[in-house]
1. Is there a pair in Lys137/Lys173; Lys383/Lys423; Lys373/Lys423; Lys383/Lys403; Lys37/Lys227; Lys38/Lys93 whose C-alpha atoms are over 21 Å apart, and which pairs would that be?
2. What is the sum of charges, Lys and Arg at +1 and Asp and Glu at -1, for the other residues whose Cβ falls under 10 Å from the Cβ of Trp70?
3. Distance from the Cα centre of segment 223-290 to that of segment 79-98, in angstrom?
4. Can you divide the C-alpha Rg of the chain by 2.2 N^0.38 Å and report the result to two decimal places?
5. Could you tell me which of Pro236, Gln333, Ile224 has its Cα farthest along the dipole of the chain towards the positive end, charges placed at Cβ (Lys, Arg +1; Asp, Glu -1), taken about the Cα centre?
6. Of Gln42, Gln376, Gly301, which is farthest towards the positive pole of the chain's charge dipole, taken about the Cα centre with +1 and -1 on the beta-carbons of Lys, Arg and Asp, Glu respectively?
7. Net charge near Ser153: determine it from the other residues with C-beta under 15 Å of the C-beta of Ser153, scoring Lys and Arg +1 and Asp and Glu -1.
8. Points 7 angstrom from Cα along the Cβ direction at Ser415 and Glu41: gap in nanometres?
Amino acid sequence: MAESYFDRIPTIRYEGPSSENPLAFRYYEKDRVVLGKKMSEQLRCAVCYWHTFAWNGSDVFGAGTFDRPWHRIADPMESAQEKLKAAFSFFEKLGAPYFTFHDRDIAPEGRTLAESHANLDKIIDLAEKEMARTGVKLLWGTANLFSNPRYMSGAASNPDPEVFAYAASQVRKMMDVTLRLKGENYVLWGGREGYETLLNTDMGHEGDQLGRFFTMVAEYKHKIGFKGHLLIEPKPKEPTKHQYDFDSATVYAFLQRYGLEKEFKVNIEANHAILSGHSFQHEVSYALANGIFGSLDINRGDNLLGWDTDQFPNDPLETALVLFTLMSAGGFQTGGMNFDAKLRRQSIEPEDLFHAHIGGMDVLARGLLIAEKMIQDKALTKKLEQRYEGWNQPLGKDILAGKLSLAELSDLALSKGLDPKAKSGRQEMLENLANRYI
Ligand code: XUL
Ligand code: CO
């Protein structure tokens, strides 16, 4: 049944920028070497299970609009099996090297926690076979600690420790599954770790609960010998009014408070960055500058809407600037580009899933090629270096090396009669320069 869902779609191939075939790549050329690695290895694209296969097109005002065959199957385990087959045929046809999933996307929740674990094991047996057959790899696994009503007041930050224990069991199980499938990272998005009103919330207590949860996760990672990165995914709001993992800086401060800054990195989502009042590039730069960069959830928001629209990326300049920042710092280690992006609900046909991912991969590929030119040309980098030139001179070096106290610097400024001249920041010129690479 689900086997035939993508039957009409051909395997997607690279045809070059002049191709008019909408079911072909115009920029994503997987084996093309860019900045020393194949494009596929630089971008490490992943398809997410939740938006692409689990979601049926429903929104708060209306029912599902997508008629996916696996959603019509009444038995949840049979439905999960068909969904899995369809998912792997999609990955194969698209040529996506990675996928990502939550426990509840891939296997149904059972009547008990034990039954949920058993359901997951059965589907993972099949997923393991599909991964071996197709060569598609797991970028990261994660647990859904937000959909079930038991998590309405949070998971690790819930006022009830039994909910905390339940969440711990789900995370432990998914860490085992991720290890088994050789997943390259494990993600924790604090779905409902936040609050609606301080009238019923003890923020300090909830912080300690979250700190304890993450500490246990880090201990368990080492215990089972998981070598991938643990990643926290910041988001400022939605579903709660205030999410504790607001942005990368908030997460970093939190990690330091609980001594976990060496254990976790961040999975930065483009739309979440915008919601926190930052640009995507800001969040990536912050994480790189503080040694906590992990992976990216690649999507876009809408300038007119204040929520997480999770659209597929389509802005080459924005993508190029993020990739310029990332590639200048050496690119991904274990991370990748996870399309945490969903169709609009009127895009109801199987081929719409392909158009969305083809467009996403193409805009990343185009961004990567632009970033390559920016890096090789060195013009932008040189301008930046020139701006900080003074810090390579004796005064700048001595200041950073801690050789001068505040009083000594004051004496120096007075004795030399310092009168530094203002220099232009040249923003418009730099913007014009960046645009020349597009
Ligand atoms: C929600 C979101 C999640 C995480 C994984 O906004 O981004 O899908 O990526 O739990
Ligand atoms: Co995400």
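FYI, it's all coordinate maths here, none of it is from the lab. The model shown is predicted, which means the values in this text are computed figures rather than measured ones. Quick reminder, even Gly has a Cβ in these numbers, built from the backbone with ideal geometry, and neighbours come from all protein chains shown.
1. On the way: Lys137/Lys173 19 Å; Lys383/Lys423 13 Å; Lys373/Lys423 27 Å; Lys383/Lys403 28 Å; Lys37/Lys227 23 Å; Lys38/Lys93 19 Å.
Result: Lys373/Lys423; Lys383/Lys403; Lys37/Lys227 exceed 21 Å.
2. Working: positive: Arg68, Arg72, Lys83, Lys85; negative: Glu78, Glu82.
Net charge around Trp70: +2.
3. 29
4. On the way: Rg = 23.7 Å, N = 438, 2.2 N^0.38 = 22.2 Å.
The reported ratio for this selection is 1.07.
5. Positive-end residue among those listed: Gln333.
6. Checking the options against the dipole of the chain, the answer is Gln376.
7. Numbers: positive: Arg150, Arg192, Lys241; negative: Asp160, Glu162, Glu193, Glu196, Asp202, Glu206.
Taking every Cβ under 15 Å from that of Ser153, the sum is -3.
8. With each label placed 7 Å out from Cα toward Cβ, I get 5.5 nm.
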